[in-house]
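Report on the following structure.
The values are calculated or read from the model by the stated rules, or taken from the named source; none is laboratory data. Just so we're clear, the structure is a prediction, and the values are computed from it rather than from any experiment. All Cβ positions, even for glycine, are placed from backbone atoms using ideal geometry, and neighbour counts span all protein chains on display. Heavy atoms of the whole protein, side chains included, go into the accessibility calculation; ligands, DNA and RNA do not. Shrake-Rupley method; radii C 1.70, N 1.55, O 1.52, S 1.80 Å.
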Amino acid sequence: MSKLTRQLREYVAGCFTAIWIESHEPTEAIAEIQVLCRDQSWHLARWSLDRGLQIGSGDTTASETGDPLAAINTVAAMGNPNQTTILVLENFHRFLSSAEIVQTLSTRIHEGKQSRVFYLILSPVVELPVELEKLFVVVEHELPGRDQLLEIARGIGSLPGELPDGPALDTLLDAAGGLTRYEAESAYSLSLVRHGTIRPDVIWELKSGMLKKSGLLSLYRGGADFDSLGGLMALKSFCRQALGGKGRSATVKPRGTLLLSPSGCGKSQFCKALGAETGRPVVVLNVGALMGSLVGQTEQRTRQALHIIDATSPAICFLDEVDKALAGIAGSGQSDGGVSARMFGSLLTWLNDRESDVFVVCTANDVSRLPPEFARAERFDGVFFLDLPKRDEKDAIWGIYREHYAIDVQQARPDDTDWTGAEIKSCCRLSVLLGTTLAESSRNIVPVAVTSAESISKLRRWASGRCLDASAGGIYAGSKSSRSRRSVLPGVPNPSNN
């Protein structure tokens, strides 16, 4: 018995006469409802704008079938205290802007307690008017699990050699996680057309486009692993061990990390490399895009995004610059009626209670903007501070980008005091772009340690004793910029020397 079927049977037994089913697969949901009604000997009626009212098997159609009010009243008249009647209203959220329909539906829902008529709205979104909010319970129709995806794959790839086995099959099912049944069938079929076999790379290609359609999520699958990222040895080791699974109980799943650092120190690049290193897709969540202009839209988008992320597990979830997205939480009650605060609450609950194998990586540049409860224990496995790279880390970064941009290893390097990895990369790229030496291209770079010296010092003071050291391991003990006694800008004397 599916979760949807089990919940519907319980709610009907409890006489919840208004049930909202959130589903992106209405055909599958209706098929499950039909089976349930047949098993329980319930009467079933369906209404949709194109087919009108269908009663029983669909052979009997009421008059004025295109009128939603007529459909509700017709089924209500069929009520019998000794017989359960189910009316499924497809995509009915489109009609709930009508005061007449809302009032009629409210009345019929209350009457249904006596007449045993139950009203099920089947829709891909939950958009309830305030008059109906307290009357409906919401049921989520889950996306297909691995067993269902495997069944679909076997149906599509029925000939020998069309469907892989062993670890390759597990990789294939990992790639298909989060797809609807229709999407999975389409992806499998396209792979057979292209390659004669069902391959995960084709599924990832289609899945990336499907995630982008929502505007909330995007998928990153790059080939650059930890070897393309200099330094951060303690952070790399921590994540390898957490995601490697060696010596870890199957019931204990890694939660994620929160990365704090000045701009350009490799937070985003680390997250992308982590996906390639562990063989997991990186699902990028745009927290700012969760905000909607309509009532309830933000909450609905948040539920949708988190549901899709859970369905793609095992995965890496990347929330970049989360401090900017959550900056207005404290004043949410005055600025947006508490919408941001409710969205933040949903994120916190998900971070703490999720059961899916999703490793969350959040990055931030300004810790003062983060609500203090965001980084508490059990939401993240570790909070790391990524300081400006040390000498050995910078040497490794220079080597990576010299090779990437084919720069002669004999060419002298410029003074890279307090440079970030991004600035080293920029120097190498500008050298090739402008056709100059590294020393000459360095004149076009003003390090973030100069432009944001005060904020970096503030961030270091906060991180000292509070965060783990991403490079050396252990508790971060603070660092002092070597530029503190140097000129703020070339040619400008340090005021402390005057």
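Against the conditions (1) open to solvent by 30 Å² or more (accessible area, probe 1.4 Å); (2) assigned to a helix (DSSP H, G or I); (3) closer than 28 Å to Leu243 by Cβ, Ser455 satisfies every one except (3). Return yes when Gly157 is over 22 Å from Thr27 (Cα atoms) and open to solvent by less than 20 Å² (accessible area, probe 1.4 Å) and no when it is not. So Gly157 fits the description; yes. Annotation note: of Ile55, Ile19, the sole residue that is touching a helix residue (DSSP H, G or I) at 6+ places or on another chain (Cβ under 9 Å) and either surrounded by fewer than 18 Cβ atoms within 10 Å (Cβ to Cβ) or modelled with pLDDT of 95 or more (or both) is Ile19.
Taking the range 385-424 as the range and being of a type in the set (D, E, K, R), open to solvent by less than 50 Å² (accessible area, probe 1.4 Å) and in a loop (DSSP other than H, G, I, E, B) as the test, the residues that pass are Asp387, Asp416, Asp418. Listed conditions (1) open to solvent by 10 Å² or more (accessible area, probe 1.4 Å); (2) modelled with pLDDT of 85 or more; (3) under 17 Å from Thr363 (Cβ atoms) are all met by Leu243, apart from (3). A single member of Leu96, Leu69, Leu87 is open to solvent by less than 70 Å² (accessible area, probe 1.4 Å) and in contact with a Pro (Cβ under 7 Å, 6 or more places away or on another chain), and it is Leu96.
Out of the residues in the range 90-118 that are β-branched (Val, Ile, Thr) and within 23 Å of Ile33 (Cα to Cα), state the one that is farthest from the chain's Cα centre (by Cα). Here the residue is Val117.
Regarding Leu135, is this residue assigned to a loop (DSSP other than H, G, I, E, B) and modelled with pLDDT of 90 or more? Show your work before the answer.
On the way: assigned to a loop (DSSP other than H, G, I, E, B): yes; modelled with pLDDT of 90 or more: yes.
Spelling it out, Leu135 is indeed assigned to a loop (DSSP other than H, G, I, E, B) and modelled with pLDDT of 90 or more.
Within the range 176-190, the set of residues being part of a helix (DSSP H, G or I) and either surrounded by 24 or more Cβ atoms within 10 Å (Cβ to Cβ) or touching a strand residue (DSSP E or B) at 6+ places or on another chain (Cβ under 7 Å) (or both) comprises Ala176, Ala184, Ala187, Tyr188.
So is Arg443 assigned to a helix (DSSP H, G or I), of a type in the set (D, E, K, R) and either closer than 30 Å to Val284 by Cβ or in contact with a His (Cβ under 9 Å, 6 or more places away or on another chain) (or both) or not? No.
Has the range 407-414 got at least one residue that is touching a Ser or Thr at 6+ places or on another chain (Cβ under 9 Å) and in contact (Cβ under 8 Å) with a residue 40 or more places away in the chain? Scanning the range 407-414, I find no residue that is touching a Ser or Thr at 6+ places or on another chain (Cβ under 9 Å) and in contact (Cβ under 8 Å) with a residue 40 or more places away in the chain, so the answer is no. Quick check: anything in the range 205-217 within 30 Å of Leu122 (Cβ to Cβ), modelled with pLDDT under 85 and of a type in the set (S, T, N, Q)? Yes, that holds for at least one residue. Is it fair to say Ile121 is modelled with pLDDT of 90 or more, under 24 Å from Asp357 (Cβ atoms), aliphatic (A, V, I, L, M) and within 33 Å of the chain's Cα centre (by Cα)? In short, no. Counting residues in the range 200-212 that are open to solvent by less than 40 Å² (accessible area, probe 1.4 Å) and assigned to a loop (DSSP other than H, G, I, E, B) gives zero. I need a count of the residues in the range 1-42 that are in contact with a strand residue (DSSP E or B) (Cβ under 6 Å, 6 or more places away or on another chain), among the hydroxyl-bearing types (Ser, Thr, Tyr) and in a helix (DSSP H, G or I). Selection size over the range 1-42: 1. Of everything in the range 213-224 that is open to solvent by less than 50 Å² (accessible area, probe 1.4 Å) and of a type outside the set (A, V, I, L, M, F, W, C), the residue that is nearest to Glu183 (Cα to Cα) is Ser214.
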